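Asker: Dumping the structure here so I can ask a few things about it.
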Amino acid sequence: MNYVLVQIVPQQNVKIDERKRPFVIVDPRAGHGPGIGGFKAQSEVGVAINAGHPCYFIGFLPEPMPGQTIEDIARAEGTFLEHVISRHPEAEGKPAVVGNCQAGWAVMLLAAARPELFGPIILAGSPLSYWGPASTGKTPCATRPGCWGYLADRTDGRSRQR
């Protein structure tokens, strides 16, 4: 596996409250070089750290391992989240996970399979579409239980069927 979990150590003037929900920022894979999630004060990492949250980052090395699959990545990220949860038994909740771009898509795959690992999920520029037309010409969520709440939130309560 070419993915890694790192804990972000803040500057000396920043105090981390171990009881706050940890944040895990996941770097995207899709065509980007490692590190697009950023570590500036205005970045996702910087905002979480400056608010006193324990912060972790899942990144990757430039070259995937031979034969590596999205399932392998999901298993590794699940193991990483288990590790973060075990390090913060007194935290106010499960980790908030930020998925950037393609990482958001991968995070949602893992969240569907392992929802017990997640607190809030924040997707930034992730390639997900719950409202695009299916081959039937109808909104895919319109025929799936559980999608209506999200669809209503996205459309002020109106279906977006075409």
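Asker: Can we say residue 84 is modelled with pLDDT of 90 or more, out of contact with any Lys or Arg (no Cβ under 7 Å at 6 or more places or on another chain), under 15 Å from residue 24 (Cβ atoms) and buried (at least 16 other Cβ atoms within 10 Å of the Cβ)?
Answerer: Working: modelled with pLDDT of 90 or more: yes; out of contact with any Lys or Arg (no Cβ under 7 Å at 6 or more places or on another chain): yes; under 15 Å from residue 24 (Cβ atoms): yes; buried (at least 16 other Cβ atoms within 10 Å of the Cβ): yes.
Spelling it out, residue 84 is indeed modelled with pLDDT of 90 or more, out of contact with any Lys or Arg (no Cβ under 7 Å at 6 or more places or on another chain), under 15 Å from residue 24 (Cβ atoms) and buried (at least 16 other Cβ atoms within 10 Å of the Cβ).
Asker: Let me ask something else about it. Scanning for something outside any helix (DSSP H, G or I), assigned by TED's automatic domain parsing to the domain that holds residue 60, at pLDDT 50 or above and surrounded by fewer than 16 Cβ atoms within 10 Å (Cβ to Cβ), does region 135-149 turn up at least one residue? Even if it seems obvious, please write down each step before you answer.
Answerer: Within region 135-149, the subset outside any helix (DSSP H, G or I) is 135-139, 144-147.
Add one more test, that the residue is assigned by TED's automatic domain parsing to the domain that holds residue 60, and what stays is none.
No, every residue in region 135-149 fails to be outside any helix (DSSP H, G or I), assigned by TED's automatic domain parsing to the domain that holds residue 60, at pLDDT 50 or above and surrounded by fewer than 16 Cβ atoms within 10 Å (Cβ to Cβ).
Asker: Hey, among the residues in region 87-119 that are free of Cβ contacts under 8 Å to residues at least 60 places away in the same chain and part of a loop (DSSP other than H, G, I, E, B), which one's surrounded by the most Cβ atoms within 10 Å (Cβ to Cβ)?
Answerer: Per the stated criteria, the residue is 118.
Asker: Another question about this same structure. Which one is surrounded by the fewest Cβ atoms within 10 Å (Cβ to Cβ) among residues in region 42-80 that are of a type in the set (Asp, Glu) and part of a helix (DSSP H, G or I)?
Answerer: Keep residues of region 42-80 that are of a type in the set (Asp, Glu), which gives 44, 63, 71-72, 77.
Applying the additional criterion that residues be part of a helix (DSSP H, G or I) yields 44, 71-72, 77.
Details: 44: 20, 71: 11, 72: 15, 77: 25.
Out of the qualifying residues, it is 71.
The values are calculated or read from the model by the stated rules, or taken from the named source; none is laboratory data. These figures come from a predicted structure and were not determined experimentally. Glycine also receives a Cβ, built like all others from the backbone with ideal geometry; neighbour counts cover every protein chain displayed.
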